[in-house]
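Taking it in order: structure first as structure tokens, then the write-up.
The values are calculated or read from the model by the stated rules, or taken from the named source; none is laboratory data. Computed from a prediction, not measured in an experiment: that's the story for all the values here. Don't worry about glycine lacking a Cβ; one is built from the backbone with ideal geometry, like all the others, and counts go over all protein chains shown.
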Amino acid sequence: MVSWDVTWGPMRHRFKFHIGESEAGQRLDEFLADRFGSLSRMRIANLIEAGAATVNDESSRAGYRILSGENVQLVFEDEAPTAMFPEPTPLEISYEDEHLIVVVKPAGLLVHPTMSVKKGTLVNALSYHLNKAIIDQGRWTIEDLAGLERAQVDEPSSIVDYRSVIRPGVVHRLDRDTSGLMVIAKTNRAMSVLSRHFRKRLVDKRYLALVSGAIEAESGAIEAPIGRDANQQPAWRVMESGKPARTEFKVVERFPRATLVELTPVTGRTNQLRIHCAHIGHTIIGDMMHGRDQEPDSRLCLHASRLAFHHPANGDWMVLTSAAPDQMQSIISQYSGG
């Protein structure tokens with residue numbers, strides 16, 4: 001079992017972990033991602049590369065397999081206002097219990113704050129929703145929660161009612177322009193279990209997409225490696241040196257100038273569905289990044305419509321579905337002639 005201690009500073013955080021038998025064998029980046037849902041995978045990778053994550057006080061690499069008895073340390077500074085800043089924003093909730101919450105993210109909403117977008121993200125809304133009870137009871141104010149990550153204390157337990165605060169555990173992400181189902185962990189155990197299930201591909205994710213043109217086959221798979229070239233735009237693209245990527249598709253309905261398909265990402269590369277559809281010549285309608293001759297005012301017609309996973313507490317297989325939102329339905333009707 002992992003043991004850890006934390007030092008909180010005004011802008012700088014230092015976390016130390018002592019690795020136990022149950023954590024041995026994990027990749028360093030995956031171990032850290034399981035414990036820091038508020039940090040993106042990209043930022044964790046950058047922190048490791050910059051030497052901010054060490055194993056036994058020595059810099060390491062993202063793919064290093066940690067061993068029992070080793071000490072892992074991560075030091076980082078806030079890049080932007082804390083994601084814990086609660087904002088009373090309406091949420092479309094598909095399911096919620098004491099372990100997790102499943103919401104439908106609308107298109108155009110960022111999951112996390114960034115350097116340019118300080119507030120108004122999904123995590124800000126979740127921070128308010130998950131802690132509304134303690135805010136309403138007066139045990140915590142919005143300002144308390146907003147400053148939690150910058151509280152200058154030696155031990156997290158020295159913050160009054162610290163354990164009552166729920167931090168949204170972002171297990172997976174959707175692009176800003178993509179709408180649909182997301183599961184968020186409410187406990188450390190749920191975060192750990194769900195993250196492991198996503199890594200091991202035990203989760204069933206399906207997307208509804210309206211793509212340009214007529215796809216000839218009724219079903220099939222797109223296999224093309226995806227990598228990143230910082231000298232080109234878009235940077236993420238199909239390239240021989242990229243990582244293997246596979247997307248399965250099934251035609252749902254055919255229209256004169258477009259095809260409605262169900263997409264299943266077998267792998268989880270950045271922008272995989274958008275890249276793969278564009279790669280086979282059937283760009284997702286509204287994809288201004290990878291497509292040409294797209295309508296500039298059209299939303300991206302990509303919606304995470306089905307999410308199925310084992311409940312992290314009892315193992316029950318949960319299946320949640322979400323219909324395409326009204327704006328996407330309207331665009332589909334335009335292409336169908338309806």
Next item on the list: Go through the residues of region 263-274 one by one and say whether even a single one is farther than 17 Å from Asp177 by Cβ and of a type in the set (A, V, I, L, M).
Entry: yes
Notebook entry, point to check: Out of all the residues in region 306-325, is one or more over 19 Å from Val203 (Cβ atoms) and either basic (Lys, Arg) or in contact with an Asp or Glu (Cβ under 8 Å, 6 or more places away or on another chain) (or both)?
Noted result: no
Item checked: Selected residue (only one of Pro244, Pro234 is over 12 Å from Cys277 (Cα atoms) and in contact with a Ser or Thr (Cβ under 8 Å, 6 or more places away or on another chain)) -> Pro244
Note to self: Kindly evaluate Arg237 against the criterion of being touching a residue at least 24 places away in the same chain (Cβ under 8 Å), over 27 Å from Gln329 (Cβ atoms) and in a strand (DSSP E or B).
What the structure shows: yes
Margin query: Condition first: within 17 Å of the chain's Cα centre (by Cα), touching a residue at least 12 places away in the same chain (Cβ under 8 Å), assigned by TED's automatic domain parsing to the domain that holds Met182 and part of a strand (DSSP E or B). Can you find one or more residues in region 104-116 that meet it?
Written below: yes
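Yes/no matrix, rows are residues, columns are (1) at pLDDT 95 or above; (2) outside the structural domain of Phe31 (by TED's automatic domain parsing); (3) surrounded by fewer than 19 Cβ atoms within 10 Å (Cβ to Cβ); (4) of a type in the set (S, T, N, Q):
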| position | (1), (2), (3), (4) |
| --- | --- |
| Leu181 | yes, yes, no, no |
| Glu218 | yes, yes, yes, no |
| Arg228 | no, yes, yes, no |
| Gln232 | no, yes, yes, yes |
Margin query: Quick check on this structure: which one of Arg167, Arg201 is in a loop (DSSP other than H, G, I, E, B), of a type in the set (Lys, Arg) and crowded, with 22+ Cβ neighbours inside 10 Å?
Written below: Arg167
Notebook entry, point to check: Taking region 288-338 as the search range and keeping residues that are part of a loop (DSSP other than H, G, I, E, B) and of a type in the set (Ser, Thr, Tyr), which one is modelled with the lowest pLDDT?
Noted result: Ser298
